[in-house]
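Report on the structure given below.
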Amino acid sequence: LSDRLTSVFSSLRSKGRLSEADINATAREIRIALLEADVALPVVKDFIAHVKERALGAEVSQALNPAQQVVKIVNEELIEILGGETRRLRFAKTPPTVIMLAGLQGAGKTTLAGKLAYWLKGQGHTPLLVAADLQRPNAVQQLQVMGERAGVPVFAPEPGNGVGDPVQVARRSVEEARRAQHDVVIIDTAGRLGVDAEMMQQAIDIRDAVSPDEILFVVDAMVGQDAVNTAQAFMDGVGFDGVVLTKLDGDARGGAALSVRHITGRPIMFASTGEKLEDFDLFHPDRMAGRILDMGDILTLIEQAERTFDAQQAERMTAKFASGEDLTLEDFLEQMMMVRKLGPIRNLLGMLPGMGQMRDQLDQIDDKDLDRVAAIIRSMTPAERANPKIINGSRRARIAAGSGTTVSEVNNLVTRFFEAQKMMRQVVGGMGLPGMPGGGR
Ligand code: GDP
Ligand code: MG
């Protein structure tokens with residue numbers, strides 16, 4: 001996908017404004033990207049239509065080329081949809097708060113129950129885990145293991161507590177929580193490999209018995225397209241208030257997140273990213289958007305470029321290089337300052353397509369060094385800046401003294417400059433990032 005987007009970037013780079021053709025071309029690629037990320041087709045269609053509408057009305061950006069601008073809108077819309085109405089757990093006015101987990105077998109409910117309990121405990125709550133999955137032989141024991149690891153008690157069926165009757169177990173657990181002053185009850189329920197009426201009815205019966213404050217639908221991010229059908233079935237069946245996405249440590253692109261959110265309108269509240277108790281966090285829409293589009297770094301770069309971009313400056317530079325003029329020390333300094341504005345140089349390097357060849361050059365520049373470099377260049381005469389070849393030994397000594405640096409620092413800078421000059425001649429026209437020389441806009 002990154003390759004695909006890069007080619008869109010370069011094909012549209014030369015255009016100055018957002019035309020319908022630009023938008024359509026980029027939208028096509030985004031559409032494929034979303035489908036590859038397993039977003040369901042109807043969701044993709046709605047989403048793209050919405051993005052197109054917004055892109056057509058968008059003002060032309062100074063800093064970004066049309067493709068970048070469309071990608072930015074897509075990203076913003078994704079974040080908006082994934083994160084719209086983000087909310088925390090709702091706690092009951094009168095404890096205990098009852099949280100019920102629902103989802104297919106293998107979705108990660110039992111694991112999540114342990115993680116959620118551990119997380120809540122870390123926030124000062126006193127949760128009680130409830131084993132209301134009596135379907136699978138070892139389901140109760142699995143929850144007990146999770147509870148032990150989390151240091152959270154588990155309410156398991158025993159004689160008199162509704163052995164064999166998950167509804168009874170759930171009901172009793174709430175009574176127990178009230179008695180033992182557990183402020184949160186987390187009810188683990190049974191799932192089936194596929195949606196079936198019996199499982200759904202059991203979930204409904206448990207729901208009606210305990211009136212949960214939150215029903216969380218747990219869904220495996222790896223299921224891809226199927227997430228839509230499952231989510232719809234659970235929505236129509238037991239209903240739910242929020243979504244937990246599991247197995248995000250896998251290689252799934254997370255398109256399920258967008259589909260489930262779009263189809264059910266319920267917020268994604270948590271993300272589960274592994275088998276350990278700690279592999280759990282609140283859901284972050286921006287990370288998920290980047291993951292779906294598989295271009296986190298490019299997005300970061302777009303944001304940074306936008307923040308710091310100086311259109312006139314870059315255009316002047318670009319025109320200059322395009323006309324075949326050589327890099328001068330003034331330009332060199334100006335560029336280094338621009339690069340610095342973009343953030344720590346090392347972070348940046350990895351993001352710039354085609355930047356590999358300049359890595360060694362820029363790698364030698366420390367942000368702190370830049371001030372010294374600036375001092376050196378400012379200590380040169382205009383003639384020296386325009387034509388550094390004239391900077392001989394005695395001039396170097398004078399510059400070093402004037403800038404409070406050493407002759408070897410001056411030597412170093414001049415050497416680096418000549419290397420950069422050579423490099424620029426090669427790079428001109430080859431890149432295309434705003435704010436960088438060669439950014440052919
Ligand atoms: P349940 O049937 O819905 O209760 O699902 P489980 O909690 O038993 O999880 C099914 C399998 O998925 C188990 O092997 C878990 O260890 C594993 N699992 C659950 N959540 C995650 C996760 O976030 N990442 C990974 N890699 N595995 C998970
Ligand atoms: Mg389970």
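The values are calculated or read from the model by the stated rules, or taken from the named source; none is laboratory data. Note that the coordinates shown come from a computational prediction; the quantities given were computed from them, not determined experimentally. Reconstructed Cβ throughout: ideal geometry from the backbone, glycine too, with neighbour counts over all protein chains shown.
Residues of the range 71-104 that are among the small types (Gly, Ala, Ser) and in contact with an Asp or Glu (Cβ under 9 Å, 6 or more places away or on another chain): Gly83, Ala92, Gly103. Do we find a residue being within 16 Å of ligand 1 (Cβ to nearest atom), at pLDDT 95 or above, in a helix (DSSP H, G or I) and assigned by TED's automatic domain parsing to the domain that holds Ala177 anywhere in the range 97-108? No. Applying the selection to the range 131-149, what residues are in a helix (DSSP H, G or I) and more than 10 Å from ligand 2 (Cβ to nearest atom)? Hits for the range 131-149 are Gln141, Gln144, Val145, Gly147, Glu148, Arg149.
Which of the following residues is in the same structural domain as Gly237 (by TED's automatic domain parsing), exposed (fewer than 15 other Cβ atoms within 10 Å of the Cβ) and away from ligand 1 (no atom under 16 Å from the Cβ): Gln141, Gln123, Gln168? Please lay out each step first, then the result.
Details: Gln141 fails: away from ligand 1 (no atom under 16 Å from the Cβ); Gln168 fails: exposed (fewer than 15 other Cβ atoms within 10 Å of the Cβ).
Checking each option against the conditions leaves just Gln123.
Just one of (1) within 15 Å of Val218 (Cβ to Cβ); (2) touching an Asp or Glu at 6+ places or on another chain (Cβ under 9 Å) fails for Leu116. It is (2).
In the range 274-287, is there at least one residue being in contact with a Lys or Arg (Cβ under 7 Å, 6 or more places away or on another chain), charged (D, E, K, R) and closer than 17 Å to Glu80 by Cα? Scanning the range 274-287, I find no residue that is in contact with a Lys or Arg (Cβ under 7 Å, 6 or more places away or on another chain), charged (D, E, K, R) and closer than 17 Å to Glu80 by Cα, so the answer is no.
Being touching a residue at least 40 places away in the same chain (Cβ under 8 Å) and part of a loop (DSSP other than H, G, I, E, B) is the filter here; which residues of the range 200-240 pass it? Scanning the range 200-240 gives Ser211, Pro212, Asp213, Gly237, Val238, Phe240.
Exactly one residue among Val44, Val39 is more than 16 Å from ligand 2 (Cβ to nearest atom), within 25 Å of Gly194 (Cα to Cα), in contact (Cβ under 8 Å) with a residue 12 or more places away in the chain and outside any helix (DSSP H, G or I), and that residue is Val39. Just wondering, is there one or more residues in the range 59-79 that are among the small types (Gly, Ala, Ser) and under 24 Å from Gly242 (Cα atoms)? No, the conditions are met nowhere in the range 59-79. With respect to the stated conditions, Gly164 is in a loop (DSSP other than H, G, I, E, B) and away from ligand 2 (no atom under 16 Å from the Cβ).
Identify the residue in the range 245-287 that is assigned to a loop (DSSP other than H, G, I, E, B) and among the aliphatic types (A, V, I, L, M) and, among all such residues, is surrounded by the fewest Cβ atoms within 10 Å (Cβ to Cβ). Checking each candidate, the answer is Leu277.
Looking across Leu34, Leu64, one residue alone is farther than 28 Å from Pro267 by Cα and either in a helix (DSSP H, G or I) or modelled with pLDDT under 85 (or both). It is Leu64. Just a yes or no: is a residue in the range 425-433 at pLDDT below 55 and of a type in the set (A, V, I, L, M, F, W, C)? Within the range 425-433, one or more residues are at pLDDT below 55 and of a type in the set (A, V, I, L, M, F, W, C). Considering only the range 96-119, I want to know if a residue exists there that is away from ligand 2 (no atom under 16 Å from the Cβ) and surrounded by fewer than 17 Cβ atoms within 10 Å (Cβ to Cβ). Within the range 96-119, none of the residues are away from ligand 2 (no atom under 16 Å from the Cβ) and surrounded by fewer than 17 Cβ atoms within 10 Å (Cβ to Cβ). Within the range 171-196, the set of residues being more than 14 Å from ligand 2 (Cβ to nearest atom) and under 37 Å from the mean Cα position of the chain (by Cα) comprises His182, Asp183, Val184, Val185, Gly194, Val195, Asp196.
Right, Lys121: charged (D, E, K, R), within 21 Å of Asp220 (Cβ to Cβ) and part of a helix (DSSP H, G or I) or not? The answer is no for Lys121.
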